[in-house]
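Worksheet: the structure to be examined is printed underneath.
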Amino acid sequence: AEEAASKKPVILMKAGTTQAGQRAASSHTGVLAGAEIAFGAAFRRSGIIRADVFEQILDYATALSMQPLPRGNRLLIITNAGGPGTMAADAAEKAGLHVASLGRNTAAALREHLPRAASTGNPVDVLGDADPERYVAALEAAQDDPGVDAILVLLTPQAMTRAADTARAIAGCLRGDKPVLAAFMGGREVMPGREELVAAGLPEYPSPERAVAALRAMHEYATWR
């Protein structure tokens, strides 16, 4: 696994991490389950990306196959609603990622292109009536900032939200040098936007927490490499 992981990501989920699971595995295979701490140490040593639940296998694989590895752990969050932005910031800190401090030029660019009521801190709140152009302005400023290693774009459906147009605009302005993940929240209202992101090869997730977990896995693997 160490040899393989030095060339490409290896994602693994190990079952039998609890006493009940170990008993089930032993009765099924006839082999005693090994010590959980030993497996964890071996995985970290060999660069294996460990998934805790099944959905993370696909979440991590999607991000790792579609986006470049981050150069560091500094994350910028762009959102059109304060609540999801706060959720993403909480998840980032719990995951060991750093909510990036914006550079002076980045803050100035955001103030120039966003309404006065918008938040130009991090998370960057482009406001609930944001059109695709506001997302593009925030994304371009984030991509220009050398203090930002990864970007998470959040969208919630509001009265003026154009999910599909916003998704196309986001995909069209990406440069490919920093990982960009998206979380379009809201079920049927944002489904056209999610479909556009998938078609453009941009990883998208139903919640900020799942997107942040994928970014954490990317950062840990990049650090191991």
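Here the stretch 110-168 has 48 percent of its accessible surface on carbon and sulfur atoms, given a 1.4 Å probe and all protein chains in place.
What's the long-distance tail for the stretch 28-144, i.e. % of Cα pairs beyond 18 Å? In whole percent, the share of Cα-Cα pairs in the stretch 28-144 beyond 18 Å is 65. Computed over the stretch 47-105, the alpha-carbon pair-distance distribution with 5 angstrom bins reads 4, 14, 16, 26, 24, 11, 3, 2, 0, each value a whole percent. May I ask for the Rg/Rh ratio of the stretch 171-225, computed from Cα atoms with Rh as the Kirkwood radius, given to two decimals? Taking Rh as the inverse mean 1/r over Cα pairs, Rg/Rh reads 1.02. Surface exposure of the stretch 38-111, expressed per residue as accessible area with a 1.4 Å probe, stands at 51 Å².
Each residue of the stretch 62-78 was assigned a 3J(HN,Hα) from its phi angle through the Karplus expression (A = 6.51, B = -1.76, C = 1.60, θ = phi - 60°), giving 4, 5, 5, 8, 9, 10, x, 6, x, 7, x, 10, 8, 10, 10, 10, 10 Hz with x at Gly and Pro. The alpha carbon gyration tensor of the stretch 105-225 gives principal lengths a ≥ b ≥ c with a/c of 1.5 or higher and a/b no greater than b/c, which makes the shape oblate. Computed from Cα positions, the angle between helix 163-172 and the longest principal axis of the chain comes to roughly 80 degrees. The alpha-carbon of K7 sits under 16 angstrom from the alpha-carbons of these aspartates and glutamates, leaving out residues fewer than 8 places away in its chain: E220. Expressed in Å, the radius of gyration and Dmax of the Cα atoms of the chain are 19.2, 66.
Its residue count N fixes a reference of 2.2 N^0.38 Å for the stretch 68-137, and the Cα radius of gyration divided by that reference is 1.12.
Considering helices alone, the calculated mean residue ellipticity of the chain at 222 nm is -15000 deg cm²/dmol, with DSSP H runs of length four and up weighted by -39500 (n - 2.57) and normalised per residue.
Take every Cα pair under 8 Å in the chain that's 6+ residues apart, average their separations, divide by the length, and report that relative contact order as a whole percent. About 23 percent, as a whole number.
With each label modelled as a point 7 angstrom along the Cα→C-beta vector, the K7-R45 pair spans 2.2 nm.
The values are calculated or read from the model by the stated rules, or taken from the named source; none is laboratory data. All values derive from a computational prediction rather than experimental measurement. Ideal geometry is used to build each Cβ from the backbone, glycine not excepted, and the neighbour counts take in all protein chains shown. For the accessible areas, the whole protein counts, side chains as well, though only heavy atoms, and no ligand, DNA or RNA atoms are used. Shrake-Rupley method; radii C 1.70, N 1.55, O 1.52, S 1.80 Å.
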